[in-house]
Amino acid sequence: MTEKKINDYIDDNFDEKHNGKHFLLMLFETEIDLGISNNPNKWECTCVRYFNNGTQALDAYANTPNPASQLIDAKTKEGLKLSALETIQDMKDEKWLDENLYPFL
């Protein structure tokens, strides 16, 4: 998913009336699994899901089939968009992947 598609999804689904934390489950797959390239170390966000309930968000995260999926949270719409962008950037950073993802796969 592109940054624009993620931002549009957040705009369309963000619950403005909710004054607690907001969550975004970001599902990632390798480009090799998607048939885009032969590089197993390039990750693409394939799907996002919004939650305004932490228990539901954590349950969805716990039941994702790919351990590379990420659950982010923020108090505001702009904060959620920024966290999503940072997560996409992290998934492109080899050092971040080596420290925060690959040891757990």
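Here are the numbers for the structure shown:
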item: Inter-residue pairs, beta-carbon under 7 Å, first closer than 19 Å to Gly54 by Cα and in the range 1-26, second of a type in the set (Lys, Arg) and in a strand (DSSP E or B), 6+ apart; result: Leu25/Arg49
item: Asn39, sole failed condition from (1) under 15 Å from Phe23 (Cα atoms); (2) without any contact (Cβ under 8 Å) to a residue 40 or more places away in the chain; result: (1)
item: Residues satisfying the stated conditions in the range 39-75, i.e. surrounded by fewer than 13 Cβ atoms within 10 Å (Cβ to Cβ) and not aliphatic (A, V, I, L, M); result: Asn39, Pro40, Thr55, Asp59, Asn63, Pro65, Pro67, Lys75
item: Contacts under 8 angstrom Cβ, first residue in the range 91-105 being without any contact (Cβ under 8 Å) to a residue 24 or more places away in the chain, partner part of a helix (DSSP H, G or I) and not β-branched (Val, Ile, Thr), 6 or more apart; result: Trp96/Asp90; Asn100/Asp90
item: Wholly enclosed helices (runs of 4 or more DSSP H) of the range 6-91 bearing at least 1 residues among the basic types (Lys, Arg), modelled with pLDDT of 95 or more and over 26 Å from Tyr102 (Cα atoms); result: 77-90
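The values are calculated or read from the model by the stated rules, or taken from the named source; none is laboratory data. Note that the coordinates shown come from a computational prediction; the quantities given were computed from them, not determined experimentally. Glycine also receives a Cβ, built like all others from the backbone with ideal geometry; neighbour counts cover every protein chain displayed.
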